[in-house]
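> Before we start, here is the structure in question, set down as structure tokens.
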Amino acid sequence: MTLDKHHSILFISNIDSKMIASNIRVIGTLIALDLKNNRATISYLNNHLKIDFSLCLSVFNFQLGDLLQCLGTLIQDQNQELILELRIVNQVNHLDIRLYNSLVSLKNKVTL
């Protein structure tokens with residue numbers, strides 16, 4: 001998948017190591033939170049992504065189960081694990097998920 005230079009809206013399942021250093025936007029349900037290490041895990045359509053919210057400490061005040069829209073840079077840690085270094089995060093619990101899925105699928109078809 002080719003990414004535009006600013007950011008791409010993706011499903012977590014589309015993320016791979018070729019996208020390291022790319023700016024991406026994903027949504028996912030907050031399923032794990034590690035406040036000590038400023039890490040969290042989001043899940044969407046049975047796929048998981050770890051996020052590092054060190055740069056968003058002042059605004060990261062969410063509950064497990066919240067649907068989050070996350071924008072950040074994809075990095076790889078020392079264990080070769082892909083992590084989204086969060087820049088912007090919004091709670092989107094009221095998002096029309098079917099419409100979102102359709103729009104992301106359509107956008108990704110157009111940009112390929």
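The values are calculated or read from the model by the stated rules, or taken from the named source; none is laboratory data. Keep in mind that this is a model prediction, so the values were computed, not measured. Using ideal geometry, Cβ is built from the backbone for each residue, glycine included, and neighbour counts are taken over all protein chains shown. With ligands, DNA and RNA removed, areas are computed over all heavy atoms of the protein, side chains included. Shrake-Rupley method; radii C 1.70, N 1.55, O 1.52, S 1.80 Å.
> Name the one entry in Leu49, Leu30, Leu86, Leu71 that is open to solvent by less than 70 Å² (accessible area, probe 1.4 Å) and in contact (Cβ under 8 Å) with a residue 40 or more places away in the chain.
Leu71
> Does Ile97 count as within 14 Å of Thr41 (Cβ to Cβ) and open to solvent by less than 80 Å² (accessible area, probe 1.4 Å)?
For Ile97, the condition - within 14 Å of Thr41 (Cβ to Cβ) and open to solvent by less than 80 Å² (accessible area, probe 1.4 Å) - is not met.
> Now for a different question. Checking Met19 against (1) closer than 19 Å to Tyr100 by Cβ; (2) touching a residue at least 40 places away in the same chain (Cβ under 8 Å): exactly one of these is not met. Which one?
Answer for Met19: the failing condition is (1).
> Further question: From the set of residues in the range 52-68 that are of a type outside the set (A, V, I, L, M) and in contact with a Phe, Trp or Tyr (Cβ under 7 Å, 6 or more places away or on another chain), which is least open to solvent (accessible area, probe 1.4 Å)?
Per the stated criteria, the residue is Phe53.
> So which pairs qualify, if the first residue must be in the range 92-108 and under 24 Å from Phe62 (Cα atoms), the second must be open to solvent by less than 70 Å² (accessible area, probe 1.4 Å) and of a type in the set (S, T, N, Q), the Cβ gap must be under 7 Å, and the two must be at least 6 apart or on different chains?
Val92/Gln69
Rundown of residues vs (1) out of contact with any strand residue (DSSP E or B) (no Cβ under 9 Å at 6 or more places or on another chain); (2) hydroxyl-bearing (Ser, Thr, Tyr), yes/no style:
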site: Leu10; (1), (2): no, no
site: Asn38; (1), (2): no, no
site: Thr41; (1), (2): no, yes
site: Val59; (1), (2): no, no
site: Gln91; (1), (2): no, no
site: Ser102; (1), (2): yes, yes
